[in-house]
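Here is the structure we will look at.
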Amino acid sequence: MKKYPDQHVHTEFSPDAEAYLEQYLVTAKELGLEYLMVTDHRDFGNPHPLFLDPIDYDHYFKVLKEQEEKHGMPIRIGVEIGYGAKYREEIEDFLNQYPFDFVIASIHNGEGKCFYSGDFFEGKGQHESYYEYFKLVLDMVQNFSNYDVIGHLDYITRYGPFDNKVYSFSDFQDIIDRILGIVIENNKGIELNTSGLRGELKTRFPKDKLLLRFKELGGKVITVGSDCHTNNDYLSGVSDGIKHLKSLGFTEVSAFNRRKREVIKI
C-alpha cells in the first residue's frame, strides 16, 4: 500500500500540544508522504482551563495556507471536535463555516466535568464511570452526524483513578453495539488511536474486541492516527497499527479529503 499519513495530529495551535507545524511539514516531506493531515482541538463545553480560549480559525487557515506554500507540502485541515451535547447547534455552525477535510468527534468531558483533571470520576465507581462515558458517546451518535470518525473510542480507561483500568468488553457490549450500529448505519467510522501505546496502559484505543465487533457488524470506515502532541510522536504506531488491523481481518483503512472518504487497501 502507499505510504499512509498520520490521521490524528496536533500542532502548536492545540493548547495541550508542544509541537510545531513546520517540523511536521519537513518530516512529512522527507518521508515522501502525499500530504500532512492536522486535526487540532476545538472543544465545546470543556471546563479545563486549557480549552477556554479557542483557536482563531480565520487566522489558522491563513497560516496553514502560507506554510503549505512555503514548504511545497499539501496540508489537509481536519479538526478534532470535543463534543458537548448542549453545544450541538454551535458545533454545526462552526463546522459549516470552514472547509475542513476531516472531522474527528471525541468526548473529552461529561456533565461539565473533565476527564483530564479527574472531576468526572468523583463519586463514581469504575463500571459507572465507563458506562457514563459510553452513554455520552451514544448520545452523540444519536443526535449528531456531522463527523467522519469517532476519536479514541474507549479511551476513558486512560484517566480513571482505578488500580486496574482494564474493562471487560462483555460488561458494556450492549451499549457499544448500539453505538457501533448507528455509526455503521450512518456510513461513519471509528479511528484506531495509537496514543495509548505511549502511556501506562500500553494499548491502542479501542481495544481489539471492540474493533472485531465493529468489523463483525459490517464496519469498514477506520482511520489510524497517533494523536501526537509532540513532533517526536508523529506517526508513532501508525504503520504497526495498520498491520494490526490486517491481522484482525480488516482489508482497508480510510483517509478523508474535503470530507470525502478515500479507501486504501491493506
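For the reader, a short list of remarks on this structure follows.
- Nearest-0.05 FRET efficiency for Lys260 and Asn143, computed from C-beta distance (R0 22 Å): 0.40
- In straight-distance terms, cross-link reach from Lys246 covers every one of the lysines whose alpha-carbon lies under 21 Å from its own, apart from those fewer than eight places away in the same chain; here that gives Lys2, Lys3, Lys188, Lys202, Lys207, Lys209, Lys215, Lys220, Lys265.
- For the chain, the Cβ-based charge dipole about the Cα centre amounts to some 1120 debye (Lys, Arg positive; Asp, Glu negative; other atoms uncharged).
- Averaging 1/r over each pair of different alpha-carbon atoms in the range 47-173 and inverting the result gives 16.5 Å, the Kirkwood hydrodynamic radius.
- Kirkwood-type radius of the chain, with distances r between different C-alpha atoms, in Å: 18.6
- Dipole magnitude of the range 71-192, debye to nearest 20 (Cβ charges: Lys/Arg +1, Asp/Glu -1, about Cα centre): 160
- Compactness of the range 111-159 was expressed as the Cα radius of gyration divided by 2.2 N^0.38 Å, which yields 1.19.
- Under the simplified labelling scheme, the Leu248-Val166 pair shows an inter-label distance of 1.6 nm, with each label point 7 Å from Cα along Cα→Cβ.
- Mean Cβ count within 10 Å, highest first, over the residues of peptides 103-109, 256-262, 41-47, 72-78: 103-109, 41-47, 72-78, 256-262
- Apolar share of the accessible surface for the chain: 46 percent from carbon plus sulfur atoms, 1.4 Å probe.
- Cα lying deepest toward the dipole's positive end in the chain, options Gly112, Leu180, Thr11, charges on Cβ: Leu180
- Dipole in debye (nearest 20) - the range 158-210, about Cα centre, beta carbon charges: Lys, Arg +1; Asp, Glu -1: 260
- Förster-model FRET efficiency, 22 Å R0, Lys62 and Asp16, C-beta, rounded to 0.05: 0.45
The values are calculated or read from the model by the stated rules, or taken from the named source; none is laboratory data. Quantities reported herein were computed from a predicted structural model and do not represent experimental measurements. Neighbour counts are summed over all protein chains in view; Cβ atoms, including those assigned to glycine, are modelled from backbone coordinates with ideal geometry. Accessible surface is based on the protein model in full, side chains and every heavy atom, while ligands, DNA and RNA are left aside. Shrake-Rupley method; radii C 1.70, N 1.55, O 1.52, S 1.80 Å.
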